[in-house]
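Report on the structure given below.
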Amino acid sequence: MPIYEYECNQCDKTLEVSQSIKDAPLSTCPDCGQPVRKLISASSFLLKGGGWYADGYTHAKDNAKTPADSKPAPPPCRGGSGSCAHCPASS
C-alpha cells in the first residue's frame, strides 16, 4: 500500500499514513483534530540497469541541443544558375 504524507498546520506535525488508493484522504489530525493538508513527496521509484529508459531515452536527451547551443538553420536553396557564393544557404 502507498504511504501518504500529511501536515497539520496547528501542531506542526507531519504524518505518514499507509492508505489504499480507494481510501478517502485524511482530513483531520489524529492528535489535535485540526485540518491537515496532503503533501507531495519525492517518489522512491528509481529506474536502474539497462532497458528502454537507460538505452533509449537518456542518450537521446544527452545528445539533444538546447536552443542556446544551436544556431538557426539556413534557408533552403531555391536553385538557380551560376555560383551560389552569394546565397545565404551556402554558408
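The values are calculated or read from the model by the stated rules, or taken from the named source; none is laboratory data. None of the values given here were measured: they were computed from a predicted structure. Here the Cβ is made from the backbone with ideal geometry for all residues, glycine too, and neighbour counts use every protein chain on show.
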Within segment 17-52, restricting to residues that are surrounded by 10 or more Cβ atoms within 10 Å (Cβ to Cβ) and farther than 13 Å from Tyr6 by Cβ, the one that is modelled with the lowest pLDDT is Gly51
Scanning segment 1-16 residue by residue, those assigned to a loop (DSSP other than H, G, I, E, B), at pLDDT below 90 and among the hydrophobic types (A, V, I, L, M, F, W, C) turn out to be Met1
Taking segment 17-46 and keeping residues in a strand (DSSP E or B) and in contact (Cβ under 8 Å) with a residue 12 or more places away in the chain leaves Val17, Ser18, Pro35, Val36, Arg37, Lys38, Leu39
Filtering segment 17-26 for residues that are under 10 Å from Lys38 (Cα atoms) and of a type outside the set (A, V, I, L, M, F, W, C) leaves a count of 1
Notebook entry, point to check: Just wondering, is there one or more residues in segment 53-61 that are modelled with pLDDT of 60 or more and either touching a strand residue (DSSP E or B) at 6+ places or on another chain (Cβ under 8 Å) or among the hydrophobic types (A, V, I, L, M, F, W, C) (or both)?
Noted result: no
